[in-house]
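The values are calculated or read from the model by the stated rules, or taken from the named source; none is laboratory data. Please read these numbers as outputs of a predicted model, since none were measured by experiment. Here the Cβ is made from the backbone with ideal geometry for all residues, glycine too, and neighbour counts use every protein chain on show. Remember, those area values only see protein heavy atoms, side chains included, never the ligands or the DNA or RNA. Shrake-Rupley method; radii C 1.70, N 1.55, O 1.52, S 1.80 Å.
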Amino acid sequence: MDVSQQVQRVMERIRRAALAAGREPGEITLCAATKVQTDETIRAAIAAGVRVCGENRVQELVAHLAADAYAGAEQVHFIGHLQTNKVKQVVGHVDLIQSVGSAHLLQAIQNQADKQGIIQDILLEVNIGREESKGGCMPQEAEALARQAMDMGAVRLRGLMAIPPVSAQPGANRPYFAAMRQLFIDIRQKMSDNENDIICLSMGMSGDFEDAIAEGATMVRVGSALFGPRPPMRSRLPS
Ligand SMILES: *Cc1c(COP(=O)(O)O)cnc(C)c1O
């Protein structure tokens, strides 16, 4: 797989999807989901124009940071399941933690950020498909969690993230993306004092990012369309 070529292709697809939806292509940020990729591949993606890298596992994040593999990227995000006993390895080391789905984790991030004297940007992860196996809060819990984040001094809520159910059927996730968009609008409206901070709606992956863009995504997280298929693995289990 020629990563540089794939980066160009994905960026072009993002551009076209944005224009087709009557949106500015610049409104949408590509977050490269770099799990299981080597330092060299990450560097190649950044050289080809990737500005944001999203890491799924704490161990990989720590290793790539130590190797300075993200040099030249504007931001590094954490997008995977985060256990509270590992927040120390993530808070203050990434620009955005996208996968905050519980009050418990939120509090652990707040405590760690406060200890470091920093403000940690976060997204709330919403389990929009209400799947038992998935992380994220239930849609009806999102507002209360957002308020809780808002009251915390060392955490800044930047928006919402979702991973809808895996589906092979084209277009199957559009209703979930639409529901996320509505939740995003509602939360911004209800938290109007902070609406200028709440700007990120992260949804859409290799199989469906065009649909997500049509429904209002401001960030898409793309892995296999950039890097090729991954070897089978225990995806989305604790890192
Ligand atoms: C791996 C991953 C992605 C990208 O998945 P692809 O289908 O390979 O594009 C997006 N979001 C999260 C949280 C991931 O772990």
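Hey, does region 180-192 have a residue that's farther than 16 Å from C137 by Cβ, within 14 Å of the ligand (Cβ to nearest atom) and without any contact (Cβ under 8 Å) to a residue 40 or more places away in the chain? No, region 180-192 has no match at all. Look at E40 and say whether it is open to solvent by 80 Å² or more (accessible area, probe 1.4 Å) and either out of contact with any Ser or Thr (no Cβ under 9 Å at 6 or more places or on another chain) or modelled with pLDDT under 95 (or both). Yes. Within region 29-52, residues that are within 16 Å of the ligand (Cβ to nearest atom) sit with their Cβ atoms under 6 Å from residues that are of a type in the set (K, R) and open to solvent by less than 20 Å² (accessible area, probe 1.4 Å), at 6+ positions apart or across chains, in these pairs: C31/R221; A33/R221. In the condition set (1) under 18 Å from the mean Cα position of the chain (by Cα); (2) open to solvent by 10 Å² or more (accessible area, probe 1.4 Å); (3) more than 20 Å from G54 (Cβ to Cβ); (4) not polar (S, T, N, Q), D151 is compliant with all but (1). Condition first: open to solvent by less than 20 Å² (accessible area, probe 1.4 Å) and either out of contact with any Ser or Thr (no Cβ under 9 Å at 6 or more places or on another chain) or in a loop (DSSP other than H, G, I, E, B) (or both). Now tell me which residues in region 15-37 satisfy that. Once the filter is applied, which keeps residues that are open to solvent by less than 20 Å² (accessible area, probe 1.4 Å) and either out of contact with any Ser or Thr (no Cβ under 9 Å at 6 or more places or on another chain) or in a loop (DSSP other than H, G, I, E, B) (or both), region 15-37 yields A17, A18, I28, L30, A32, T34.
What's the total number of residues in region 173-201 that are of a type in the set (S, T, N, Q) and either touching a Cys at 6+ places or on another chain (Cβ under 7 Å) or in a loop (DSSP other than H, G, I, E, B) (or both)? Steps first, answer last, please.
Within region 173-201, the first condition is being of a type in the set (S, T, N, Q), and the residues that meet it are 173, 182, 189, 192, 194, 196.
In the following step, the residues that additionally are either touching a Cys at 6+ places or on another chain (Cβ under 7 Å) or in a loop (DSSP other than H, G, I, E, B) (or both) were identified as 173, 196.
Going through region 173-201 one residue at a time, the tally reaches 2.
Here R221, R158 are screened, and the one residue that is away from the ligand (no atom under 14 Å from the Cβ), in a strand (DSSP E or B) and of a type in the set (D, E, K, R) is R158.
Of all the listed residues (G136, G117, G92, G72), the sole one being within 16 Å of the ligand (Cβ to nearest atom), open to solvent by 10 Å² or more (accessible area, probe 1.4 Å) and without any contact (Cβ under 8 Å) to a residue 60 or more places away in the chain is G136. If you take the residues in region 191-239 that are in contact with a helix residue (DSSP H, G or I) (Cβ under 7 Å, 6 or more places away or on another chain) and at pLDDT below 95, which one is farthest from A146 (Cα to Cα)? Step by step, filter region 191-239, then rank; the result is R230. Any chance region 56-67 includes a residue that's open to solvent by 60 Å² or more (accessible area, probe 1.4 Å), part of a helix (DSSP H, G or I), at pLDDT 95 or above and within 27 Å of D151 (Cβ to Cβ)? There is no residue in region 56-67 that is open to solvent by 60 Å² or more (accessible area, probe 1.4 Å), part of a helix (DSSP H, G or I), at pLDDT 95 or above and within 27 Å of D151 (Cβ to Cβ).
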